[in-house]
1. Out of segment 6-21, which residues are within 15 Å of Asn244 (Cα to Cα), of a type in the set (A, V, I, L, M) and either at pLDDT 85 or above or in a helix (DSSP H, G or I) (or both)?
2. Does Leu83 meet the test of being assigned to a helix (DSSP H, G or I) and either assigned by TED's automatic domain parsing to the domain that holds His128 or at pLDDT 85 or above (or both)?
3. What residue, of Phe192, Phe197, is surrounded by 21 or more Cβ atoms within 10 Å (Cβ to Cβ) and closer than 18 Å to Ala130 by Cα?
4. Any residue in segment 233-248 that is among the basic types (Lys, Arg), farther than 27 Å from Thr108 by Cα and assigned by TED's automatic domain parsing to the domain that holds Val47?
5. If we scan segment 170-178, do we find a residue that is touching a residue at least 24 places away in the same chain (Cβ under 8 Å) and not basic (Lys, Arg)?
6. I need a count of the residues in segment 106-157 that are among the acidic types (Asp, Glu) and either assigned to a strand (DSSP E or B) or outside the structural domain of Trp207 (by TED's automatic domain parsing) (or both).
7. Sort out which residues of segment 47-74 are part of a loop (DSSP other than H, G, I, E, B) and either under 13 Å from Glu100 (Cα atoms) or under 12 Å from the mean Cα position of the chain (by Cα) (or both), and write them in order of number.
8. Pick from Leu216, Leu245, Leu205, Leu249: which is under 19 Å from Leu42 (Cβ atoms) and out of contact with any Ser or Thr (no Cβ under 6 Å at 6 or more places or on another chain)?
Amino acid sequence: MVGNPVLSATARPHRATLGRSVTLFRAFLTEQTDPDGFYSTLAADSVRQLASHTPLSGRTVLDVGGGPGYFSDAFRAAGAVYLGLDPDVGELSARGEPGENMIRASGTELPVRTGSVDVCYSSNVLEHVAEPWVMLDEMCRVTKPGGTVFASFTPWYSPWGGHETAPWHFLGGYYARQRYARKLGKQPKNKFGESLFPVSVGAALRWAKTTPLADLVAGYPRYHPGWAMGIVRIPGLREIASWNLVLVLEKR
């Protein structure tokens, strides 16, 4: 590890301004009514954020949990050679036919050769995986030495940790799931214990600092302005106030 990896992102050229944070949070409000606009905005911002850590033009990017293709569009626009995968057929075909270079596969068993991609990327997938550390290990495995691993997720105790069952997840994941079903007469898309699991900021940082596969470059709140990055150093507060955590690692 070089310097202070938890805070090093504040020195990066990505424009983590308050205006950007406001734009993203406003976009979140339109996820259900305008998914194309929301996901396109998020994908474009995510690619800019990743590009502040590593060059993308001409490099091979594996997107674990690529979904219906919004990230594919953004990465290709940045000049990357893109490969995306997702285990959910519904996600892959949400915009019609699956996008080019998109395959169905599991994040915990990546069908990719060891040390074969320049960048391994994942956005908001870890909290949907029963074995998140296995997935992160796999992401490191397929990345070339010196390459970049970038993973972000929604911490369980953040305001949106329960996804559509929030804020009732604070009273327990199963309680929130059952309450949602009673109120709306159907199961939530993100089912606690099946497709939604509690992942904490503290546990993710511990994994990143101790994995023998890679070195932690940065860990910070994904959507926050630069002056708010330091909350990840405060146990307890970081679980609630981070909203979304980014881990950036360099493969050994």
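1. Within segment 6-21, Ala9 is the sole residue that qualifies.
2. no
3. Within the list Phe192, Phe197, the selection yields Phe192.
4. The answer is yes; a qualifying residue exists.
5. yes
6. 1
7. Gly65, Gly66, Gly67, Pro68, Gly69
8. Leu245
The values are calculated or read from the model by the stated rules, or taken from the named source; none is laboratory data. Predicted model, so just to flag it, every value in this text is computed and none were measured. Don't worry about glycine lacking a Cβ; one is built from the backbone with ideal geometry, like all the others, and counts go over all protein chains shown.
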